[in-house]
Amino acid sequence: MNQEWLEKIKKNQLLVAIAGFCAVAALVMILCICLLREPIVPVCVLVMIEGALAVLLHHVELWLHGVLVLAQIIAGILLGQPALVILCAVVYAAATVTLKYMLSGEE
């Protein structure tokens, strides 16, 4: 039975990557809303912004993604919301990894 699942996963790697990103985004939203007591709408907007940033910057060098995440975390610390910003950086990293994986065969 495990071999069957592995075969299905190998055949649908793109779908698995997208589902993984969706799972990370949903988990981050739930954590922000339930644990950090942030309002729902701003959290959802932040997750969408992080995804959009990853899409817009998916062709830049990898170190620039690191600089962007570092700048986000520094801004979050200065604004007094480090946990929220770190969770948003997780969404950005997940989106970046998913896009790099999805587009690796196109180039």
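For the reader, a short list of remarks on this structure follows.
- For the stretch 34-97, the solvent-accessible area of protein heavy atoms averages 62 Å² per residue (probe radius 1.4 Å; ligands and nucleic acids excluded).
- Geometric extent, Cα atoms of the chain - Rg, Dmax (angstrom): 15.6, 51
- For the stretch 17-35 and the stretch 51-73, distance of Cα centres in Å: 19 Å
- Kyte-Doolittle at least 1.0, axis length at least 15 Å by Cα - qualifying DSSP helices, the chain: 13-34, 40-56, 62-79, 82-102
- Pairwise Cα distances in the stretch 1-45 exceed 17 Å for 50 percent of all pairs.
- Protein-only accessible surface order, largest first, of H58, H65 at 1.4 Å: H58, H65
- Only one residue of I9, I40, Y101 has its Cα farthest out toward the positive end of the dipole of the chain, where Lys and Arg carry +1 and Asp and Glu -1 on Cβ, and that residue is I40.
- The charge dipole of the chain, taken about its Cα centre with unit charges on the Cβ atoms of Lys, Arg (+1), Asp and Glu (-1) only, comes to about 200 debye.
- Two-site label geometry, A71 and M102: point separation in nm, points 7 Å out along Cα→Cβ: 2.4 nm
- Burial ranking of peptide ranges 82-94, 27-39 (average Cβ count within 10 Å, highest at the top): 82-94, 27-39
- Convex hull per residue volume in Å³, alpha carbons only, for the stretch 64-107: 46 Å³
- Sequence-distant aspartates and glutamates (8 or more away, or on other chains) whose Cα lies within less than 17 Å of K100: E50, E61
The values are calculated or read from the model by the stated rules, or taken from the named source; none is laboratory data. What you see is a predicted model, and the numbers here were worked out from it, not measured in a lab. Reconstructed Cβ throughout: ideal geometry from the backbone, glycine too, with neighbour counts over all protein chains shown. Just so you know, the surface numbers come from the protein's heavy atoms only, side chains and all, with ligands and any DNA or RNA stripped out. Shrake-Rupley method; radii C 1.70, N 1.55, O 1.52, S 1.80 Å.
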